[in-house]
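Everything below concerns the one structure shown next.
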Amino acid sequence: MVDVLHIAITWIPTNGGLVNPAADVGKVARKYGVPYLLDACQAAGQMRIDVNELGCDFLSATGRKFLRGPRGTGFLYVREHWLETLEPPMIDHFGAPWVARDKYALRDDARRFETWENSYALRAGLGAALDYADAVGIDAIEARIAELSNHCRTLLDQHEDIRLRDIGAHQCGIVSFTVQGKDPAEIIAKMSKAGFVIGASQASSTRLDAERRNLPTVLRIAPHYYNTKDEIDQAVGKLISFL
Ligand SMILES: Cc1ncc(COP(=O)(O)O)c(C=O)c1O
């Protein structure tokens, strides 16, 4: 075991459509015994997460993105082997009971990361979002997102002033593109007025990728399973009408 090395990667970055080969990275991490942290914030709710298949030791996720849970929620997975090596950044008498006058003892389970007080409403909301995704079925969700996002890419790609900015052999439900000669903020505002929510990623959110690929602000359309093909057609049609 080499203790100074670790691997920390983002499974799905905030823009670029990319799904990194997280399980292949996990194989390397396992082979060399290197601790492996995977940011799964954009993957949770979009695709199946199996920490054993991924070979990761730590996995962090948020509730507010493709899981459709409340903002301010998320979760952390820690492989049991590593638990004793991690000191939570903040402790109170829940995660670390006060066991003697000058002594506290961290709990020996994952709840050492929890605090006495927390938002039960938000937690319940996250639980409901997880149940909801389970009821729809995560594999069906992934397949539907792939179908809609690929349809969206095909439509966008047909217009000469639109440039798709997605990369990678495996692409996800984040469709990234730029529009020649138009202010992205103006496009977002016009789309919003027309009833379509689209987003943008600036270099400050994705500095390494933005610099390497010399990206301007990138627009994103992110279909989810509840969208229809017709809605994608309408959204792209509306966007093109602004060019
Ligand atoms: C790849 C990635 N990781 C982490 C985050 C942070 O998510 P949150 O602010 O919900 O913790 C984001 C947010 O856009 C993200 O795109």
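Taking only the Cα atoms of the chain, the radius of gyration and Dmax are 20.8, 71 Å. Compute the acute angle (0 to 90°) between the alpha-carbon long axis of helix 138-157 and the principal axis of greatest extent of the alpha-carbon atoms of the chain; round to the nearest 10°. Long axis of 138-157 versus the principal axis of the chain: about 30 degrees. Evaluated at 37 °C with a viscosity of 0.692 mPa s, what Stokes-Einstein diffusion coefficient in µm²/s does region 1-65 have when Rh comes from the Kirkwood expression over alpha-carbon pairs? After rounding, the answer is 273 µm²/s. Of Ala121, Ala140, Ala203, the residue with the greatest mean-square motion in the GNM of the chain, using alpha carbon springs below 10 Å, is Ala121. Between helix 22-32 and the chain there is an angle of about 40 degrees, using the helix long axis and the longest principal axis of the Cα atoms. Derived from the Cα gyration tensor, the three semi-axes of the equivalent ellipsoid of region 1-143 are 28, 23, 11 Å, largest first. How big is region 174-243 by the Kirkwood estimate over distinct Cα pairs, in Å? Evaluated over region 174-243, this radius sits at 12.8 Å. When the alpha carbon gyration tensor of region 137-177 is reduced to an equivalent ellipsoid, its three semi-axes come out at 22, 11, 6 angstrom, largest first.
What number, rounded to the nearest 500 deg cm²/dmol, is the helix-based mean residue ellipticity at 222 nm of the chain, given -39500 (n - 2.57) per DSSP H run of at least four residues and division by all its residues?
Numbers: 8 runs with 85 residues, N = 243.
Mean residue ellipticity at 222 nm (helix-derived): -10500 deg cm²/dmol.
Where a number appears in this text, it was derived from the coordinates with a stated rule and is not lab data. These numbers were taken from a predicted model, which means no experiment stands behind them.
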